[in-house]
Amino acid sequence: MSVAQPIVYRIDPRAEIVFVNSAWDEFAQQNEGTEARSDSILNQSIWSFIQGATLRGLYHQVIECARRGSILKFSFRCDSPTLVRWYDMKVAPIEGNLVEFRSTFVRERERSPEPLLKKADPNAKLVLEACSICLKLNLAGEWITIEELLAKRPMLEGEDADRLHHGICNDCFEEMRTKIEQAHCGR
Ligand SMILES: [Zn+2]
């Protein structure tokens, strides 16, 4: 069962994570393990957790947007090995000059266990870029769904462990840019 309470974290003007709620720990416990627990991420910069120039650039714009008083909403997929799950994200300015990221569970469905989505193996030989929003995977420049990847799986055999690296696909990037523009955040 997925966490029903919204998962919330907040950053201060220096982009330090200054608050996470108990649902965060509950989710971390079920999904990521101890290194994602609040005591390991509190007082750290959000930039320690966001990889890749494109995704970082986009987060900069999202945060800037909230700091200028706008609210941004978007949906994203965050699976576990046995569940396909969708969440809604709301990024909003809140009192105290903070920016709040609030993820609300929307729905889930079960699927057969997908080892690709297990906790990252730092020794993995094959590193796949996954879109943080729709969870498509970048396979040699082409963004495909996990289901499509599984169909192509034989070509990946011999790589015993995979690792996911979070980025953003072209479609989601464009969609986010449009949302940011519609929120009148400027550039
Ligand atoms: Zn995407």
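General remarks:
- Among the residues of this structure, residue 132 counts as one that is surrounded by 13 or more Cβ atoms within 10 Å (Cβ to Cβ), in contact with a Leu (Cβ under 8 Å, 6 or more places away or on another chain), at pLDDT 90 or above and among the polar types (S, T, N, Q).
- Residue in the stretch 19-42 that is touching a residue at least 60 places away in the same chain (Cβ under 8 Å), out of contact with any Asp or Glu (no Cβ under 6 Å at 6 or more places or on another chain), more than 22 Å from residue 130 (Cα to Cα) and surrounded by 13 or more Cβ atoms within 10 Å (Cβ to Cβ) present: yes
- Long-range neighbours under 9 Å by Cβ, at least six apart or interchain, first residue touching a residue at least 40 places away in the same chain (Cβ under 8 Å) within the stretch 98-114, second surrounded by 13 or more Cβ atoms within 10 Å (Cβ to Cβ) and acidic (Asp, Glu): 98/12; 99/12; 102/88; 103/88; 104/88; 105/88; 108/79
- Taking each residue of the stretch 167-183 that is more than 14 Å from the ligand (Cβ to nearest atom) and looking for partners that are aromatic (Phe, Trp, Tyr) with beta-carbon atoms closer than 6 Å, six or more apart or interchain, yields nothing.
- Filter result (basic (Lys, Arg) and open to solvent by less than 60 Å² (accessible area, probe 1.4 Å)) within the stretch 56-112: 77, 85, 111
The values are calculated or read from the model by the stated rules, or taken from the named source; none is laboratory data. In this text the structure is predicted, and so the values were computed from the model without any measurement. No Cβ is skipped: glycine too gets one built from the backbone with ideal geometry, and neighbour counts run over all protein chains shown. Areas reflect the complete protein model, heavy atoms only, side chains present, ligands, DNA and RNA absent. Shrake-Rupley method; radii C 1.70, N 1.55, O 1.52, S 1.80 Å.
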